[in-house]
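Undergrad: Please read through the structure below; I'll follow up with questions.
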Amino acid sequence: MIFGLSAIEVVATLLLAGSLFFCLAAVTGVLRLPDFYTRLHASGKCDTAGLSLALVAFALLAGDALTVVKLAFLGFFAAIANPTATHALGQAARRSGVPVWTARHGPPR
Amino acid sequence: MIPPPGVIGVGLLAVMLVAATAALFARDLLVAAALFGVFSFAAATWFALVGAVDVAFTEACVGGALSTILFVSAAHRTRRWLD
Amino acid sequence: MSPAPGKTRLRHGVPRILGALAFAALLGGLVAGIRDLPRLGDPASPAATHVSPRFIEAAARETGAANMVTAVLADYRGYDTLGETAVIFAAGLGCLIILALAAADRRETPPPGLTHRFGSPILDVSARVLTPWILMFALYVLIHGHVSPGGGFQGGVLFGSGLVVVRLVRGRRGPAFGPGPRAALVLACAGVLAFLGIGFLAMAFGGEFLDYGTLPLGGDEAHVRELATLGVEAAVFAAVAGTVCVLFATISAGVRETEAARSAGSASPPGSDG
């Protein structure tokens, strides 16, 4: 018992905090990184990590086997679909000739 | 009883309003399609929030997924940028 | 007098002002009308005092569907659903007619701004993994519509989307999966006709149009209505899934796949080192 929370609730809170951190990192990356590919890199990885951590936290708090199974399905599909979408976006951008940021472009804004 | 929309509901409605307005004024049709997807998912979440789960499900399927695909395909067929 | 290229005449002058006035009048009327609407979720509103209690009280007993929305959509308001299905089918047909006519005199230059290129092992593997689940979930939504959110419409859209995903990943020239445009059109027609057929079948056995209680399916009336509702949902499923496939096939038919795309994009893209 910490702050009136059970052990499971403490773990879930920590996981949710981690999820929040990754989502925040994704937003920061999308806003601050210099070009499309680096922004995609930030949003894709951090979104997947944030969503996975949040789903684990929800599963810990659910207390219902069916809900846990549904959340596991959600995590499975997100783990496949999210990186695939990131890959598709990056590939489409590269094939459409979206320029890659290099040091020649000067320091990032 | 249906709960009042609350802070989250008002936020979702604001997102819908902004996304719809931005989609109207977007010069790039792909941007407009993406903004319409944002609108649809916000609408679906709001429907679920006020208890209309069936409608939310339909909105997420049709508005969020299918219409966006069809809009992008249609943009492929015509042109991407508005004059 | 033809309009200047890139501009339509509606952008300037009197029609535009008239349009703005009409829009302002309509908007003002609608906003004024909001005041007379009952509050959101008001239990004393007319809809909540006369119609809803009847459905809430009797739906599960009369139709065998625990999900009241399904009971209302497919049974009490089956005529509405028939109309909706016909409208969606008509939209698919309209798209087919207009775009097929446009394809007859298709331009040979690709539309500016977009090129469509296919081919990626990652996308292909992901589609292989996800599509069976999407299709199975669509069937689950259809069959489970009696007790949980969902039904024929959502299931049909999901099923069609699952097929469209494969098309998106593989392109038109890739290995075929699912019904082609013609088969999809037949599927959509069959769905609408099956819906109508169930309605007329109820008439043939002495009931009203779309009043399923008289169908000779055995068991008590609630059970018969449950089975008939499932049949109607399956008909809507077929109509919507077929229409989705037809819509996507016709709309994407004009998208040109360039030579470079067909060789799966191994060449270096233009301007990538800029």
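The values are calculated or read from the model by the stated rules, or taken from the named source; none is laboratory data. Every value quoted in this text rests on a predicted model; they were computed, and no experiment measured them. For neighbour counting, all protein chains shown are included, and Cβ atoms are generated from backbone atoms with ideal geometry for every residue, glycine included. Please note that ligands, DNA and RNA were not included when accessible areas were found on the heavy atoms of the full protein model with its side chains. Shrake-Rupley method; radii C 1.70, N 1.55, O 1.52, S 1.80 Å.
Undergrad: Using only the Cα atoms of the range C:68-257, what do you get for the radius of gyration and for Dmax, in Å?
TA: In order Rg, Dmax, the Cα atoms of the range C:68-257 give 19.0, 63 Å.
Undergrad: With each run of n ≥ 4 DSSP H residues scored as -39500 (n - 2.57), what mean residue ellipticity at 222 nm is computed for the protein assembly as shown after dividing by its residue count and rounding to the nearest 500 deg cm²/dmol?
TA: When only DSSP H runs of four or more count, the value is -22500 deg cm²/dmol.
Undergrad: Sticking with this one: Taking both sides together, what accessible area is buried at the B/C interface, probe 1.4 Å, expressed in Å² and rounded to the nearest 100?
TA: Rounded to the nearest hundred, the buried surface is 2400 Å².
Undergrad: Quick one: net charge of A:Gly29's neighbours, Cβ under 11 Å, K/R +1, D/E -1?
TA: Cβ neighbours under 11 Å give a net charge of +2.
Undergrad: Using DSSP to define loop residues, name the chymotrypsin sites (Phe, Trp or Tyr not before Pro) in the range C:121-222 whose beta-carbon has at most 16 other beta-carbon atoms within 10 Å.
TA: C:Phe177, C:Phe205, C:Phe209
Undergrad: Could I ask something else about it? What is the range B:14-76 by shape, rounded, prolate or oblate, if you read a ≥ b ≥ c off the alpha carbon gyration tensor as root eigenvalues and call it rounded for a/c under 1.5, prolate for a/b larger than b/c, and oblate otherwise?
TA: Judged from the Cα gyration tensor, the range B:14-76 comes out oblate (a/c at least 1.5, b/c at or above a/b).
Undergrad: What does the charge count around C:Ala239 come to, taking other residues whose C-beta lies under 13 Å from its C-beta (Lys +1, Arg +1, Asp -1, Glu -1)?
TA: -2
Undergrad: In square nanometres, what is the average projected area of the Cα convex hull of the protein assembly as shown?
TA: 30.3
Undergrad: Farthest toward the dipole's positive end in chain A, which of A:Val56, A:Leu16, A:His87, given Cβ charges of +1 (Lys, Arg) and -1 (Asp, Glu) about the Cα centre?
TA: So the residue we want is A:His87.
Undergrad: Chains C and A: how much accessible area gets covered up at their contact, both sides added, probe 1.4 Å, in Å² to the nearest hundred?
TA: 1400
Undergrad: Quote the FRET efficiency, to the nearest 0.05, computed for A:Thr67 versus C:Arg35 with a Förster distance R0 of 30 Å and r equal to the Cβ-Cβ distance.
TA: 0.10
Undergrad: Using Cα-Cα distances under 8 Å and only pairs 6 or more residues apart, what relative contact order does chain B have, in percent?
TA: 33
Undergrad: Using a Förster distance of 25 angstrom, determine the FRET efficiency expected from the C-beta separation of B:Thr78 and A:Ala88, and round it to 0.05.
TA: That pair, B:Thr78 with A:Ala88, gives E of 0.65.
Undergrad: Using the heavy atoms of the protein chains and a 1.4 angstrom probe, tell me the accessible area per residue for the protein assembly as shown in square angstrom.
TA: Heavy-atom SASA per residue in the protein assembly as shown reads 57 Å².
Undergrad: Can you send over the carbon and sulfur percentage of the accessible area for the range B:14-76, probe radius 1.4 Å, protein chains only?
TA: C and S atoms contribute 84 percent here.
Undergrad: In terms of the Cα gyration tensor, with a ≥ b ≥ c the square roots of its eigenvalues, is the range A:43-109 rounded because a/c is under 1.5, prolate because a/b exceeds b/c, or oblate?
TA: Note, shape of the range A:43-109 comes out oblate.
Undergrad: Same structure again: In the range C:232-255, what residues drop by 20 Å² or more of accessible area when the other protein chains are put back, versus the chain on its own? Use 1.4 Å, and skip ligands and nucleic acids.
TA: Hits at the 20 Å² cut-off: C:Val244, C:Leu247, C:Phe248, C:Ile251, C:Gly254, C:Val255.
Undergrad: Could you let me know the centre-to-centre spacing of the range A:37-76 and the range A:1-36, using Cα atoms, in angstrom?
TA: If you average the Cα positions of each part, the centres end up 12 Å apart.
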